[in-house]
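**Q** Attaching a single structure in structure tokens format; questions to follow.
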Amino acid sequence: MPYCAKCGAKLKDSDKFCYSCGAPASKVVREEFSVSADNLIERVKELLHEGNITRIIVKDEAGKVLLEIPATVGVVGVVLAPWLAALGVIAALVTNCRVVVERRE
């Protein structure tokens with residue numbers, strides 16, 4: 001389910017405009033890949049610095065969602081600190097993770 005880039009409201013896949021703020025809904029592309037626990041934090045940091053990411057979802061091998069990180073334009077280092085700490089705990093508990101990345105076109 002995509003989110004509005006302006007206000008963060010949940011949108012339906014078929015929505016062309018945000019029901020909350022009226023902003024045009026951009027198309028979101030999902031990409032999924034597997035990452036070892038050793039490289040999880042570094043890979044997520046790289047993804048956040050790319051800039052066109054709207055959300056990062058970390059899943060375990062069975063597909064259970066472990067963590068969702070909303071990556072809006074205004075995210076700064078202080079806000080990311082708790083997310084990265086949680087990623088460290090996840091990396092200690094699991095061996096392989098699947099990372100789902102949502103990008104705006």
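**Q** Specify which of the listed residues (67, 11, 48, 40) is farther than 25 Å from residue 91 by Cβ, surrounded by 10 or more Cβ atoms within 10 Å (Cβ to Cβ) and either more than 13 Å from the chain's Cα centre (by Cα) or of a type in the set (A, V, I, L, M, F, W, C) (or both).
**A** Step by step, each of 67, 11, 48, 40 is checked, and only 11 is farther than 25 Å from residue 91 by Cβ, surrounded by 10 or more Cβ atoms within 10 Å (Cβ to Cβ) and either more than 13 Å from the chain's Cα centre (by Cα) or of a type in the set (A, V, I, L, M, F, W, C) (or both).
**Q** Identify, please: which residue in the stretch 17-26 is outside any strand (DSSP E or B) and without any contact (Cβ under 8 Å) to a residue 40 or more places away in the chain and is, among those, nearest to the chain's Cα centre (by Cα)?
**A** First, pick out the residues of the stretch 17-26 that are outside any strand (DSSP E or B): 18-23, 25-26.
Those still in the list that are without any contact (Cβ under 8 Å) to a residue 40 or more places away in the chain too: 18-23, 25.
Numbers: 18: 19, 19: 22, 20: 21, 21: 22, 22: 23, 23: 21, 25: 17 Å.
Among those residues, the one meeting the criterion is 25.
**Q** On to the next question. Pull up the stretch 35-49, narrow it to residues that are free of Cβ contacts under 8 Å to residues at least 40 places away in the same chain and among the acidic types (Asp, Glu), then point me to the one that is farthest from residue 96 (Cα to Cα).
**A** Here the answer is 46.
**Q** Would you say residue 34 is in contact with a Cys (Cβ under 8 Å, 6 or more places away or on another chain) and exposed (fewer than 11 other Cβ atoms within 10 Å of the Cβ)? First the steps, then the outcome.
**A** Values: in contact with a Cys (Cβ under 8 Å, 6 or more places away or on another chain): yes; exposed (fewer than 11 other Cβ atoms within 10 Å of the Cβ): yes.
Criteria met by residue 34.
**Q** Conditions first: (1) more than 12 Å from the chain's Cα centre (by Cα); (2) surrounded by 13 or more Cβ atoms within 10 Å (Cβ to Cβ); (3) assigned to a strand (DSSP E or B). Residue 56 passes all but one, so which condition is the exception?
**A** That leaves (1) as the condition not met.
**Q** Please find, among 90, 56, the residue that is modelled with pLDDT of 80 or more, in contact with an Asp or Glu (Cβ under 9 Å, 6 or more places away or on another chain) and of a type outside the set (Gly, Ala, Ser). Talk me through it step by step, then tell me what you get.
**A** Details: 90 fails: modelled with pLDDT of 80 or more.
From the options 90, 56, the qualifying one is 56.
**Q** From the list 25, 81, which one is touching an Asp or Glu at 6+ places or on another chain (Cβ under 7 Å), of a type in the set (Gly, Ala, Ser) and at pLDDT below 80?
**A** Working: 81 fails: touching an Asp or Glu at 6+ places or on another chain (Cβ under 7 Å).
Sole residue among the options that is touching an Asp or Glu at 6+ places or on another chain (Cβ under 7 Å), of a type in the set (Gly, Ala, Ser) and at pLDDT below 80: 25.
**Q** Being of a type in the set (Gly, Ala, Ser) and either closer than 16 Å to residue 5 by Cα or at pLDDT 70 or above (or both): is that true of residue 63 here?
**A** Numbers: of a type in the set (Gly, Ala, Ser): yes; either closer than 16 Å to residue 5 by Cα or at pLDDT 70 or above (or both): yes.
Considered against the rule, which asks whether it is of a type in the set (Gly, Ala, Ser) and either closer than 16 Å to residue 5 by Cα or at pLDDT 70 or above (or both), residue 63 comes out as yes.
**Q** Give the residue, chosen from 44, 29, that is part of a strand (DSSP E or B), among the hydrophobic types (A, V, I, L, M, F, W, C) and touching a strand residue (DSSP E or B) at 6+ places or on another chain (Cβ under 8 Å).
**A** From the options 44, 29, the qualifying one is 29.
The values are calculated or read from the model by the stated rules, or taken from the named source; none is laboratory data. Source: prediction; values computed, not measured. Neighbour counts are summed over all protein chains in view; Cβ atoms, including those assigned to glycine, are modelled from backbone coordinates with ideal geometry.
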